[in-house]
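Below is one structure; the comments refer to it alone.
Where a number appears in this text, it was derived from the coordinates with a stated rule and is not lab data. What you see is a predicted model, and the numbers here were worked out from it, not measured in a lab. For neighbour counting, all protein chains shown are included, and Cβ atoms are generated from backbone atoms with ideal geometry for every residue, glycine included.
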Ligand SMILES: Cc1ncc(COP(=O)(O)O)c(C=O)c1O
């Protein structure tokens, strides 16, 4: 057993040093001074109105097209309550975010996986699946996808919105990493391309911190009405206290600077990860994202992720199970590497340990 410090390539958590503690302290004071009696009370399940107004302006939509909730994952669950009856079909990319798979299963959805390529879902596979059945929605993470790191090309985005129109299904666009682009050109969101057929989710978890639990959805007012009803029946009101604090944080103009400093912190970490992989594991095939929290690897032929996870523990290296991201099996050689919460030195050390582990497993 190694006596080196543990390195975790497991969860997609933000770096603690990125949290804007002082600004949030100031925002808390202002929020309580200005809105104390409102944010300590129950309110509408749509969320804190000033925050919804601020978000509407940020994204260029009407206020009744914005709902805020306790994190964006819970919005996925609300959408399941709203749309899904047991046995209903839902499409996801494969691989996809494991916690969404769990929620879809909890609601009895039948998950049809559409293979994900480095530039987005395989369109031929999507068209073939649509010929078989039309889903209630296609859950998709077009920007810096969790877990793969893939970003959907403009051509595929255009095709996706065209198909959503043609067949009449919702695109559930989960975009928590979208604001974190370190290089390259931003693509229009699916929501920008086709607001009538898309429900767009964002989150402050990766921008300010997950603690306040502020996630949001942008979409058609009548769908949001259904979501608001589910929200009301779940928790009456989201946490207005934290939504009020986040509102004051944003209203004070802090967000652009915060996003800029996150990019400055994370871009070298992504580069360190890619450099280390090229140096120590040249025959793995990493994705090469231009932003976000993750990259992923296909381990060399014959090297199973489960064996690597087990062996890595001997080097105090913790890795996540790749299979969890595959709703219908597969992913035996898949490995996700979340790099944001590690320093460049830890990343290099971690990848070196990973390379040693892979060499051991290969024997
Ligand atoms: C794709 C995706 N959606 C949703 C979430 C959860 O976000 P929140 O903290 O807003 O619930 C995450 C967090 O890792 C994520 O990667």
* Structure fact -> Rounded to 0.05, the calculated FRET efficiency for the beta carbons of residue 275 and residue 105 at R₀ = 45 Å is 0.75
* To do: Determine the gain in length on full extension of the stretch residue 261-residue 2; use 0.36 nm per residue of separation and subtract their C-alpha separation, reporting nm with one decimal.
  => 89.8 nm
* **Span from the region 251-298 Cα centroid across to the region 80-104 one, whole angstrom** => 28 Å
* Mind giving me the nanometre distance, one decimal, between the label points for residue 288 and residue 192, set 7 Å out from Cα along Cα→Cβ? => 2.4 nm
* To do: Pop a pseudo-label 7 angstrom from the Cα along the beta-carbon direction at both residue 328 and residue 10 and give the gap in nm to one decimal.
  => 3.1 nm
* Asked: Efficiency by 1/(1 + (r/R0)^6): what FRET value for residue 17 and residue 221, r their Cβ-Cβ distance, R0 = 45 Å, to the nearest 0.05?
  -> 0.70
* Structure fact -> CD proxy, 222 nm, the chain: helix-only mean residue ellipticity via -39,500 (n - 2.57) per DSSP H run with n ≥ 4, per residue, nearest 500, stands at -14000 deg cm²/dmol
* Asked: Which whole-angstrom value gives the distance between the alpha carbon centres of region 1-60 and region 336-363?
  -> 31 Å
* Once a ≥ b ≥ c are taken as the square roots of the eigenvalues of the Cα gyration tensor of region 273-343, is the result rounded (a/c under 1.5), prolate (a/b larger than b/c) or oblate (a/b not larger than b/c)? -> rounded
* Take peptides 18-24, 140-146, 41-47 and line them up by average Cβ neighbours within 10 Å, highest first, as a rough protection proxy. => 140-146, 41-47, 18-24
* To do: Neighbouring Cβ atoms within 10 Å as the yardstick, rank 51, 295 fewest first.
  => 295, 51
* Per-residue Cβ neighbour rank within 10 angstrom, fewest leading, 3, 360 -> 3, 360
* **Inter-part distance where region 209-230 and region 106-167 are each reduced to a Cα centre, Å** => 22 Å
* Between the helical axis of 240-251 and the dominant principal axis of the chain, each derived from Cα atoms, what acute angle in degrees is found, rounded to the nearest 10? -> 80 degrees
* **Relative contact order for region 21-251, counting Cα pairs under 8 Å that sit 6 or more residues apart, in percent** => 31 percent
* To do: Calculate the spin-label point distance for residue 162 paired with residue 44, positioning each point 7 Å from the Cα along the beta-carbon direction, and give it in nanometres.
  => 3.9 nm
* To do: Counting residues in the chain as N, plug N into 2.2 N^0.38 Å and put the Cα Rg over that result.
  => 1.00
* Burial ordering of 200, 82, fewest other beta-carbon atoms within 10 Å first -> 82, 200
